[in-house]
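The values are calculated or read from the model by the stated rules, or taken from the named source; none is laboratory data. In this text, all values refer to a predicted model and were calculated from it rather than measured experimentally. Don't worry about glycine lacking a Cβ; one is built from the backbone with ideal geometry, like all the others, and counts go over all protein chains shown.
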Amino acid sequence: MKKPLVLALPKGRVHEEAAALFRRAGYDLSASLGSSRKLIHDCKDLRVLVIRSQDVPTYVEYGAADLGIAGSDVLLEAGRDLYEPLDLRIAPCRMSVAEPHDRPVDERGQVHLRIATKYPSCTRKYLEERGLVAEVIKLYGSVELGPIIGLADRIVDLVSSGETLRQNGLREIEVIMNVTSRLVVNRASFKLRHDEIDTLLRRLRKVRPD
């Protein structure tokens, strides 16, 4: 019996939207949904690993998973050697720069600018492209807290509706990049199991959002 393809999925919104997309493509991932603490789920044609979004590129690059789904933000930050054949166009949001409403930054006069973010590599690239100099502080959560308590002058983070920014007295001042979730493939798996993966890709292309 042929072993199923292994798919690494991040927890949360992307997982739910991916399961709906895969269902339309003829793949039932419902066993991986719900409140179970299980990390591995057998879903007929696919074995699903439910992991942190930041770990998806690592699992796929090293062959622990044949396929994975990760946001373009995660992929750009990780910089892994992966085949990236398909934008699934799910879980759209944007990576943006934000600052306090009542303490706008004067980039020309700011001597020591500090930016808090979960995305230091993306942030440094943005600063380089803008010709700005700033100290980048990496945080793992609650980035919005940084400017409130004086840890940072600005933040770089993902924004969807903008409600979290508003509730914390922040305003979005610039969009760095639009973010969607992508299907990534281990390079060796794509060669060894090309027909199966190509079939999955063709089915997903037909049903992904416009």
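Selection of first residues in the stretch 79-96 that are within 30 Å of residue 173 (Cβ to Cβ) and of second residues that are part of a strand (DSSP E or B) and of a type in the set (Gly, Ala, Ser), restricted to Cβ pairs under 6 Å at least 6 apart or on distinct chains, gives the following pairs, ordered by first then second residue: 88/181; 90/181; 91/181. Please go through the stretch 171-186 and pick out each residue that is under 10 Å from residue 70 (Cα atoms) and either more than 15 Å from the chain's Cα centre (by Cα) or free of Cβ contacts under 8 Å to residues at least 40 places away in the same chain (or both). Within the stretch 171-186, none qualify. Per the conditions (1) over 30 Å from residue 100 (Cα atoms); (2) assigned by TED's automatic domain parsing to the domain that holds residue 118, the sole criterion not satisfied by residue 170 is (1). Just checking, does the stretch 163-170 include any residue being in contact with a helix residue (DSSP H, G or I) (Cβ under 9 Å, 6 or more places away or on another chain) and either without any contact (Cβ under 8 Å) to a residue 24 or more places away in the chain or of a type in the set (D, E, K, R) (or both)? Checked against the condition, which is being in contact with a helix residue (DSSP H, G or I) (Cβ under 9 Å, 6 or more places away or on another chain) and either without any contact (Cβ under 8 Å) to a residue 24 or more places away in the chain or of a type in the set (D, E, K, R) (or both), the stretch 163-170 yields no hits at all.
What do you reckon, is residue 102 outside any strand (DSSP E or B), touching a residue at least 40 places away in the same chain (Cβ under 8 Å) and outside the structural domain of residue 17 (by TED's automatic domain parsing)? Taking the combined requirement at face value, the residue satisfies it. Got at least one residue in the stretch 129-141 being of a type in the set (Phe, Trp, Tyr), within 30 Å of residue 187 (Cα to Cα) and in contact with a helix residue (DSSP H, G or I) (Cβ under 7 Å, 6 or more places away or on another chain)? The answer is no, given that none of the residues of the stretch 129-141 is of a type in the set (Phe, Trp, Tyr), within 30 Å of residue 187 (Cα to Cα) and in contact with a helix residue (DSSP H, G or I) (Cβ under 7 Å, 6 or more places away or on another chain). With respect to (1) touching a strand residue (DSSP E or B) at 6+ places or on another chain (Cβ under 7 Å); (2) farther than 25 Å from residue 86 by Cβ, the lone exception for residue 187 is condition (2). Might you check whether a residue that is in contact with a helix residue (DSSP H, G or I) (Cβ under 6 Å, 6 or more places away or on another chain), outside any strand (DSSP E or B), of a type in the set (S, T, N, Q) and over 22 Å from residue 196 (Cβ atoms) occurs anywhere in the stretch 33-53? Checking the stretch 33-53: at least one residue is in contact with a helix residue (DSSP H, G or I) (Cβ under 6 Å, 6 or more places away or on another chain), outside any strand (DSSP E or B), of a type in the set (S, T, N, Q) and over 22 Å from residue 196 (Cβ atoms).
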